[in-house]
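**Q** Can you keep this structure in mind? I'll have questions shortly.
Please treat every number below as a calculation from the coordinates, not as lab data. Every value quoted in this text rests on a predicted model; they were computed, and no experiment measured them. Backbone-built Cβ (ideal geometry, glycine too); neighbour counts: all protein chains shown.
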Amino acid sequence: MSYIEVAKGIYEMLQGTDFRNLLKGRGNNYDEFRTLMWDKFRINELISSYKQGTSSLLEKHLSFYNDVLNKFLKSEEIAYYENHMPLRTAFYLFWIWDKKLEIADEKLDKFIESFYIGTFGYKMIDVFSDNKNPNAE
């Protein structure tokens, strides 16, 4: 299933969820809440489908950095983006669908690709300008 299909399914689940009933009687345990939400709304599936859909994009668009790309992707700073970009992107898609904007899936795919490449490109510039890469030029 594609990232957009998974995100759309989650959006529809969110729309149909009675959160008052879902959370009734639950304590203030963040870890328990997170597990409940991640399981109910298939967040691991969302992240997995995003990674599958974007895995070739860096190679496609940033191949001129091939020698440092693998090292760059393993850095601690990038792990944050890799794990949170699927959620952040989904929030934009949810907004688009909530506003009932008529945007074809092909255009949404381009949006996702642009957002992904823009974010990682920005982060690469940030890392290089901080001199964390010995070959910053």
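**Q** For helix 43-54, what angle does its Cα long axis make with the longest principal axis of the chain, in degrees from 0 to 90 and rounded to 10?
**A** Once rounded, the angle reads 30 degrees.
**Q** Hey, how much of the P(r) for the range 3-129 falls beyond 26 Å, as a percent of Cα pairs?
**A** The share of Cα pairs beyond 26 Å in the range 3-129 comes to 33 percent.
**Q** Which value, in debye to the nearest 20, gives the size of the charge dipole of the range 1-93 about its Cα centre, when Lys and Arg are +1 and Asp and Glu are -1 at the Cβ?
**A** Working: 12 positive and 12 negative charges, 48 e Å.
Rounded to the nearest 20 debye, it is 220 debye.
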